[in-house]
Structure formats: C-alpha cells, structure tokens
Amino acid sequence: MDQWELRWQEGRIGFHLSEVNSYLIRHSEHLLKQKVKKIFVPLCGKSLDLLWLSRRIKKVVGIDYVRQPIEEFFIENNLKYNIQNVDQLELFKSDSIEIYHGDFFDLKNHKIGQFNAIYDRASIVAIEAEQRRKFADHLIDLLTEDGIILLIILEYDQNQMYGPPYSVPFSEVKNIFSKHGNIQLLETIDIIDERFRKKGLDRMLERVIKITKK
Ligand SMILES: C[S@@+](CC[C@H](N)C(=O)[O-])C[C@H]1O[C@@H](n2cnc3c(N)ncnc32)[C@H](O)[C@@H]1O
C-alpha cells in the first residue's frame with residue numbers, strides 16, 4: 001500500500017490543520033488582487049484552505065491520489081457533491097470546489113485548462129527529490145502567463161530527519177523554478193517545536209515564496 005494511503009488510513013496526518021493556514025490568510029493579497037477566477041491546489045488532502053479559498057474565488061480545483069481525504073472533505077464540510085470520470089481520474093464536484101482523485105502527474109492541462117493562481121502548502125515537500133523538477137515543470141504548465149504561485153516550503157537539515165515532509169531549501173526552489181519565473185521570498189519563520197526536536201532537529205524553517213511567470 002502507498003505510504004500516503006496508509007497514513008490516511010491510520011490517521012497519521014499531523015500535517016492536516018484544524019484551521020485555515022495562517023500564511024495563506026497573511027499573504028492572500030498576492031493571490032486575490034488580480035481577480036483570480038480559478039485556483040489550483042495540488043496534493044490538497046482535506047485542507048480547510050480549499051473552503052477558505054472557495055469563499056473568495058469562483059472555482060477551486062484540487063487533486064489528491066488518496067480517495068479517503070477527498071470523501072472526508074466533502075462530508076465533514078457538509079458539501080453536496082457528485083462524482084464523474086475524467087479519463088482515468090475521478091472528479092468529485094461541488095458548486096465551487098472540485099477535487100480530482102488521481103496522480104498529479106496524470107493531470108493534463110489541455111483537459112483542465114490553466115489557472116491564474118496556484119496555492120501549494122505541504123505539497124512540494126511531499127514529493128521526493130528526484131521528482132521535484134518534474135513537479136515544478138508540471139505546475140508551471142498549469143499556470144497562465146499572468147499567474148502566480150504561492151509556495152510554502154520547509155527547510156531543515158535532512159541528515160537529522162528524513163521526510164516526508166522533505167526539506168526543500170530556498171536554493172532548490174530557485175534552482176528548479178528560476179528558468180520559468182521570478183521568485184520572491186515573502187516570509188521565513190523558525191517553527192521548531194518539541195515534536196520536531198524529538199525527531200532530532202534543531203531548526204525547522206518554514207518559508208513563503210511567491211513565483212510569477214517570466
Ligand atoms: C502532506 S499532505 C498535504 C495535504 C494538504 N496540502 C494540506 O495542506 O493539508 C500531502 C498529500 O499529497 C498526496 N499526494 C502525494 N503524492 C501525490 C501525487 N503524486 N498525486 C496526488 N496526490 C499526492 C497525499 O495523499 C497527501 O494527502
């Protein structure tokens with residue numbers, strides 16, 4: 001069984017927040033100011049951020065390859081939904097939120113179109129190092145020319161702990177995105193706490209980054 005499927009099944013979902021992400025609220029002006037009509041949330045789990053975004057943006061589209069969080073998202077938030085098949089993916093659809101059940105790498109932009117905005121929290125840090133450039137290229141393919149990505153990464157000494165969440169240093173973000181876009185660091189906070197100290201870490205930086213296409 002896939003490690004994410006197992007995590008969801010066993011309830012090992014420390015990454016899931018019971019409230020809306022505070023960075024999203026704090027930096028939302030970057031996402032909202034250019035009249036975004038359609039936002040993409042890769043590897044969305046059952047994040048409440050989807051709900052918060054749907055109150056401000058007409059269409060919110062997510063994807064996760066585990067079915068459980070998708071079903072739970074609609075049920076726990078009392079949203080009516082139906083399920084359609086789109087190629088080899090399932091699409092869970094409510095009025096303003098749609099979540100694909102399938103692999104992010106199987107999403108084709110000619111089918112779902114492009115987005116003015118992409119919000120990535122706990123997504124790129126869930127992708128193994130060898131696949132991260134492909135992940136970045138694919139995200140960029142889904143972004144319109146005037147689009148913006150809000151990316152939240154974690155940075156720590158990968159010798160002290162092995163992910164996921166993986167450490168994705170700012171230098172790596174610059175490396176994989178710089179050919180496509182302008183990269184701006186908006187905020188950095190050291191979020192080290194007892195949970196991570198027990199795992200052997202002495203520092204855990206969380207960074208918020210804005211990427212716009214060149
Ligand atoms: C760390 S969780 C983050 C969920 C969400 N972004 C949040 O903030 O709560 C990562 C999620 O990505 C999903 N996932 C991992 N690899 C994926 C892939 N290649 N395609 C689609 N979903 C994937 C996992 O099932 C998991 O729900």
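Okay, here's what the table says:
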| quantity | calculated |
| --- | --- |
| Integer Hz, Karplus 6.51/-1.76/1.60 couplings in order for region 49-57, x for Gly and Pro | 4, 4, 5, 4, 5, 5, 7, 10, 10 |
| Structure-based [θ]222 nm, the chain - -39500 (n - 2.57) summed over DSSP H runs of at least 4, per residue, nearest 500 | -7500 deg cm²/dmol |
| Over 20 Å between alpha carbons, listed pairs Lys174/Lys210; Lys38/Lys210; Lys38/Lys108; Lys38/Lys179; Lys46/Lys174 | Lys38/Lys179; Lys46/Lys174 |
| Region 19-25 - phi-based ³J(HN,Hα) in whole Hz, Karplus 6.51/-1.76/1.60, Gly and Pro as x | 9, 5, 4, 5, 5, 4, 5 |
| Under 5 Å, built H, 5+ apart or other chain: amide partners of Ile63 | Val41, Leu43, Cys44, Tyr100 |
| Sparse-neighbour loop sites [trypsin sites (Lys or Arg not before Pro); region 68-166; at most 13 other C-beta within 10 Å; DSSP] | Lys80, Lys108 |
| Debye, to nearest 20: dipole size of the chain, +1 on Lys, Arg Cβ, -1 on Asp, Glu Cβ | 760 debye |
| Rg/Rg_globular for region 3-213, with Rg_globular taken as 2.2 N^0.38 Å and Rg from C-alpha atoms | 0.98 |
| Amide H contacts under 5 Å for Gly147, placed H, 5+ residues apart | Lys213 |
| Stretch gain in nm, segment Gln184-Arg197, where the contour uses 0.36 nm per residue and the Cα spacing is subtracted | 1.8 nm |
| 3J(HN,Hα) from dihedral phi, region 117-133, Karplus parametrisation 6.51/-1.76/1.60, rounded to Hz, x for glycine, proline | 8, 10, 10, 10, 10, 6, 10, 4, 6, 9, 9, 5, 3, 5, 9, 5, 5 |
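Values in this text are rule-based calculations from the coordinates and carry no lab data. Not measured: the values here are computed from a predicted model. When we count neighbours, we look across all protein chains shown, and the Cβ atoms used for this are built from the backbone with ideal geometry, even at glycine.
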